[in-house]
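Following: one structure in structure tokens, then a few remarks.
The values are calculated or read from the model by the stated rules, or taken from the named source; none is laboratory data. Keep in mind that what you see is a predicted model, and the values were worked out from it rather than measured. Cβ atoms come from the backbone with ideal geometry, glycine included; neighbour counts cover every protein chain shown. The protein model used for the area step is the full one, side chains on, heavy atoms only, and it has no ligands, DNA or RNA in it. Shrake-Rupley method; radii C 1.70, N 1.55, O 1.52, S 1.80 Å.
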Amino acid sequence: MIATPTDQNANEHLDVLIIGAGISGIGAAYYLQTEQPAKSYAILEARGASGGTWDLFRYPGIRSDSDLHTFGYEFKPWEDEDAIASGDKILAYLRETVTENGIDRHIRFNHKVLGAAWSSEDARWHVDVERADTGERVTFSANWLFSASGYYRYDEGFTPAFEGAESFGGQIVHPQHWPEDLDYRGKRVVVIGSGATAVTLVPAMADDAAHVTMLQRSPTYIMPVPAQDSIANALKKVLGKKRGYALTRRKNMVKQRAVYSLCQRYPRAARRVIRFMNTRQLPEGFAVDEHFNPSYNPWDQRLCAVPNADLFKAIKNGKASVVTDRIARFTERGIKLESGRELEADIIITATGLNLQAFGGIALSVDGEAVTLSDTVAFKSMMLSGVPNFAFVFGYTNSSWTLKVGPLCEHFCRILAHMDENGYDTCYPEAAPDMATRPLLDLSAGYVQRAVDHLPRQGEEGPWQMVMDFRRDVEVLRNGPVTDVSLKFATSVRELAAVS
Ligand SMILES: Cc1cc2nc3c(=O)[nH]c(=O)nc-3n(C[C@H](O)[C@H](O)[C@H](O)COP(=O)(O)OP(=O)(O)OC[C@H]3O[C@@H](n4cnc5c(N)ncnc54)[C@H](O)[C@@H]3O)c2cc1C
């Protein structure tokens with residue numbers, strides 16, 4: 001879905017403004033127009049195209065590491081034979097969702113939201129937007145803001161300062177800004193990193209490059225998984241697209257949950273199993289413990305999946321290798337390591353991660369007071385304490401992100417219905433001032449730790465917990481009441497009417 005030059009929606013008022021046309025924003029639009037068809041809405045999208053992550057990243061081999069039966073939407077079956085899918089297939093699926101459901105009419109491309117100010121006087125958000133194509137500033141107002149802006153900065157990925165980087169004679173590339181014309185045929189490539197991006201890039205480049213070296217500071221858990229799910233494909237044939245998809249989705253949710261719980265409960269056994277699977281795929285005598293045995297427990301950080309063991313195959317056939325060491329500095333010819341070894345390279349890829357950013361970097365204020373995110377507490381993993389009529393999506397980090405989108409959007413639509421039924425125009429969670437809180441995310445990954453102090457917090461119990469469990473979300477968000485002692489509804493903030 002590409003921008004048309006005819007978007008002209010300055011000073012428009014909508015019931016709901018969705019921010020971001022990625023997998024979450026498109027999903028939110030679908031639920032909103034299905035369950036609240038009378039509500040007006042628009043999606044403000046900073047870029048000139050929909051798809052978010054799946055349009056932005058263009059590096060070789062870009063793919064999911066979740067299966068699309070859970071990463072896809074509940075309402076739209078994933079029909080492709082591949083369960084772990086390439087970026088272009090995911091993008092095509094998202095754009096098909098957009099056109100099939102007439103969501104394209106609602107997307108305002110090149111509309112970057114800079115700030116949003118809540119005014120209790122008119123119970124509205126006043127939203128300040130920059131047109132990325134013309135530089136013009138336009139404003140919108142809305143009863144509700146729904147942030148589906150992902151979790152990282154789009155303008156720059158994370159690159160640590162490498163001493164001597166300017167002296168390197170070759171090319172340095174960040175996967176978030178992949179040059180379309182990058183020619184790596186016959187070149188020596190070093191990929192710095194050990195996360196999902198690095199393990200995707202290494203086998204994808206290995207066939208054409210002279211050699212690809214994955215240079216990691218420390219190992220990550222890497223699990224080989226089949227790219228196709230034979231049970232899913234059989235179920236589709238026998239039961240048809242819809243029922244086959246629904247059953248596979250359920251099967252995979254149970255599997256994801258079981259793997260996660262077993263890793264959490266029996267970390268030593270899980271570590272042994274993963275090590276065994278890795279050893280089987282690697283050449284004899286390979287230093288498995290040095291390169292594939294992390295210091296942390298499985299699922300303390302997101303587990304990396306490699307379809308059809310492609311990374312291990314590239315290592316086995318000598319096209320790729322792994323080096324676990326620390327970088328002393330870049331040199332003219334490559335990278336000098338702390339061990340004293342030098343890795344020669346023509347191209348260095350810094351797969352060093354993302355810069356985490358909440359709510360698209362939007363400056364929020366409530367009645368003239370700036371909202372400091374770290375002073376807020378997430379409520380039902382979808383609203384912020386003290387911030388009226390504001391909802392957000394932050395998907396699961398321990399299974400497919402999108403699984404969260406369905407129950408969360410359904411709950412959001414039920415809040416809107418409850419407000420209409422009772423004549424309320426304002427709704428916000430209120431946290432007790434002495435409530436114990438902890439960081440929003442439990443992951444120990446570097447990109448989370450670098451940003452966690454600037455994110456909202458979560459509470460220790462009940463609706464104040466950031467839930468990463470689909471079954472609990474079904475209980476609370478899909479089937480539980482929308483009212484709660486901590487959720488305040490009002491016809492205006494001055495006439496507060498708490499409902500419990
Ligand atoms: C390379 C990569 C692979 C991944 N693979 C998986 C996977 O296999 N499984 C999984 O569960 N998760 C995966 N993730 C996490 C992934 O990002 C999410 O699962 C999912 O794509 C997030 O969708 P989203 O719509 O919430 O956010 P995004 O895809 O980030 O989309 C957000 C949209 O909001 C827009 N936006 C942001 N700020 C503003 C603003 N201020 N104004 C207007 N628009 C704005 C952006 O331009 C973008 O279009 C992966 C992430 C990356 C980077």
Projected onto their principal axes, the Cα atoms of the chain stretch, largest extent first, over whole-Å spans of 72, 51, 47
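Counting only protein heavy atoms and a 1.4 Å probe, tell me what percentage of the chain's accessible area is made up of carbon and sulfur. The partial results should precede the final answer.
On the way: 10540 of 21560 Å².
Exposed carbon and sulfur together represent 49 percent of the surface.
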Can you pull out the trypsin sites (Lys or Arg not before Pro) in the range 301-365 whose DSSP state is coil and whose Cβ has at most 12 other Cβ atoms within 10 Å? Arg326, Arg341
How many Å² of accessible area per residue for the chain, probe 1.4 Å? 43 Å²
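Using alpha-carbon pairs under 8 Å, 6+ residues apart, how would you state the relative contact order of the chain in percent?
On the way: 1048 pairs, mean separation 92.9, N = 500.
Taking the mean separation of contacting Cα pairs over the length of the chain, I get 19 percent.
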If you take every DSSP beta bridge whose two residues both sit in the range 1-152, what share of them, in percent to the nearest 5, is antiparallel? 55 percent
If you keep only loop residues by DSSP, which GluC sites (Glu not before Pro) in the range 394-477 have at most 11 other Cβ atoms within 10 Å of their Cβ? Glu460, Glu461
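Using unit Cβ charges (K, R positive; D, E negative) and no other charged atoms, how large, in debye to the nearest 20, is the dipole of the range 152-265 about its Cα centre? Mind showing how you got there, number by number?
Numbers: 16 positive and 10 negative charges, 303 e Å.
The calculation lands at about 1460 debye.
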Hey, what angle do you get for helix 241-265 against the long axis of the chain, alpha-carbon based, 0 to 90 degrees rounded to 10? 70 degrees
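Taking the Cα centre of the range 27-94 as the origin, how large is its charge dipole in debye, to the nearest 20, when only Lys and Arg (+1) and Asp and Glu (-1) carry charge on their Cβ atoms?
Details: 6 positive and 11 negative charges, 72 e Å.
For this selection, approximately 340 debye.
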Could you give the angle, 0 to 90 degrees to the nearest 10, between helix 230-239's Cα long axis and the longest principal axis of the Cα atoms of the chain? 40 degrees
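Given Cβ point charges of +1 (Lys, Arg) and -1 (Asp, Glu) and nothing else, what value in debye, to the nearest 20, does the dipole of the chain about its Cα centre take? Could you put the intermediate results ahead of the total?
Numbers: 54 positive and 62 negative charges, 419 e Å.
Roughly 2020 debye for the chain.
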What is the angle, in °, between the Cα long axis of helix 405-422 and the longest principal axis of the Cα atoms in the chain? Nearest 10 is fine, range 0 to 90. 10 degrees
Residues with amide H under 5 Å from that of Lys488, placed H, sequence gap 5 or more: Tyr428, Glu430
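Rounded to the nearest 5, what % of DSSP beta bridges with both residues in the chain are antiparallel? Don't jump to the answer; show the numbers that get you there.
Values: 39 of 81 bridges.
Here the share of antiparallel DSSP bridges comes out near 50 percent.
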Name the long-range amide H neighbours of Val173: under 5 Å, sequence gap of 5 or more, or other chain; modelled H, no Pro or chain starts. Ile348, Ile349, Thr350
Extension length gain for Lys242 and Asp420 (0.36 nm per residue less Cα distance), in nm, is 60.7 nm
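How would Thr491, Thr70 line up by accessible area, probe 1.4 Å, largest first? Walk me through the numbers before you get to the answer.
Working: Thr491 55, Thr70 0 Å².
My answer, sorted largest first, is Thr491, Thr70.
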Tell me which of Ala148, Ala116, His106 sits at the most positive position along the dipole axis of the chain, charges placed on C-beta atoms (Lys, Arg +1; Asp, Glu -1). Ala148
